[in-house]
Every structure is written in C-alpha cells, then in structure tokens.
1. Let me know the charge dipole size of the chain about its Cα centre in debye, to the nearest 20, where only the beta-carbon of Lys, Arg (+1) and Asp, Glu (-1) is charged.
2. So if I take the centroid of the Cα atoms in the range 152-191 and the same for the range 118-137, what is the distance between those two points in Å?
3. Report the one residue of 88, 163, 176 whose Cα lies farthest in the direction of the positive end of the charge dipole of the range 65-177 (charges on C-beta: Lys and Arg +1, Asp and Glu -1; origin at the Cα centre).
4. Give the angle, between 0 and 90 degrees and rounded to the nearest 10, that separates the Cα long axis of helix 67-90 from the longest principal axis of the Cα atoms of the chain.
5. Taking H as built 1.01 Å from N, whose amide H comes closer than 5 Å to the amide H of residue 5, not counting residues under 5 places away?
6. Give me the angle, in degrees from 0 to 90, between the Cα long axis of helix 99-122 and the longest principal axis of the Cα atoms of the chain, rounded to the nearest 10.
7. When the dipole is taken about the Cα centre of the range 80-162, and only Lys, Arg (+1) and Asp, Glu (-1) are charged at their Cβ, what size is it in debye, to the nearest 20?
8. Which value, in Å to one decimal place, does the Kirkwood hydrodynamic radius take for the range 112-172 when every pair of different Cα atoms is included?
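Throughout, read-outs are computed from the coordinates displayed, never taken from laboratory work. These numbers come from a predicted model, not from an experiment. Note that each Cβ is placed from the backbone with ideal geometry, even for glycine, and that neighbours are counted across all protein chains shown.
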Amino acid sequence: MLPGADHELLRSPDGFENDGRLVAGYDELVTSWIHRLGERHEPSADPPPHQDLVSAPVTPLAWWESAPVQVAALLLMAAAFLAYPIGALARRPRGPRGSAVLAATGSVTVVGTVLYLGYLLATAAEAPGPALLGRPLVWLVLQLLALVAIAATVAVLLGLRRQRLTVRPILLAAGGVLLVPWALYWGLLLP
C-alpha cells in the first residue's frame, strides 16, 4: 500500500482522479523487491490498511440463479418460441389464438434482454440509451414486450383447452410460462 495512490499506483488525492504520474516511492519499492527476489527468506506482507466500511462476504447464488439453470431456461425458451415459426414454414400454422404473438414477442423479449444486458456489461452501462420515466427506452420496450408475451401466454393456455393438443402449441405455452419467472428474476416485470 502506498499512500496517495490510486489502484494503478498513480498519484491521486482521492483514489479516483490522478495526474498520470507514479506515486512517490513506487520505483524504490519495486526495485528493492526485485533485488530481494534472489534472497532466500520467508515471504511477508504488510497488514491490510484500516477500512472505514466493513465488507460483507458475497452470498452464494441460489439454484435458480446459477449459470446452468439460466442457460437452460434461455435454451428452452428459444426452442419453445422458435418452434412455432419454424413449424409454420413446413405447414400452415394452427394454434390457439395468440400463438403467433407469443412466438414473436417471447423471442424478441428473450433475445433483446440478453443482448441489452450484454451491451450494458460491455460498455460498463455508460451509455444505456435515452431514458423515459426514469428507465432506458430499450428497457421499457422490453418490459412492454414481456407483458404482451405474458398476455399471449394466457390466451394460448386458454386456447389449449378448446383445441386438439399438439406438440408445438404445448411447447409454446411452456415457453410462455417459463418466461414469467425468468422475466421477474431479470426485472422485466418489476415496476
């Protein structure tokens, strides 16, 4: 630890802003460390400095938050939502009312959410886009699509009761049902 330095060991009065120059004493410290590398002695470290704020250990993820479960949910929803339009290429789509809407909005919601969250991670959320009602416009559109997909899921589930059961509508409805907890977890259904 060198006083008056930021994490890059540049001179900094507050730990964030720096003037681009190395902190005083850095050169000597590194040089002496390199010269001692050849000596045989026990390694040591200075005690950590005092912290005003006590950090808490990170709690482990719940089972539904784990990467394998999230990836499995994404793959299941992608298969469910894409099976309907792909099957429609082979023959005329027959499904309950709302099937096409659920396939479209479910696909766009899932893919759009993953892409937008990836964009935010890649850019450190420095440019989330224009905001409306205190949220990025892209996020509001994704929230609206999630709501439409859930309404379409209800329509498909109600339509399944009146129709001969086939694999595509059942798979589509299952994707819509899975979308609800997934969208809740990622905040799409939160005000």
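1. On the way: 13 positive and 13 negative charges, 505 e Å.
The dipole of the chain has a size of about 2420 debye.
2. Between the Cα centres of the range 152-191 and the range 118-137 lies a distance of 28 Å.
3. Looking along the dipole axis, the top candidate is 163.
4. 30
5. Amide H to amide H, under 5 Å and 5 or more residues apart or across chains, residue 5 pairs with 12.
6. It works out to around 10 degrees.
7. Numbers: 7 positive and 1 negative charges, 135 e Å.
Charge dipole of the range 80-162: 640 debye, to the nearest 20.
8. In the range 112-172 this quantity evaluates to 13.9 Å.
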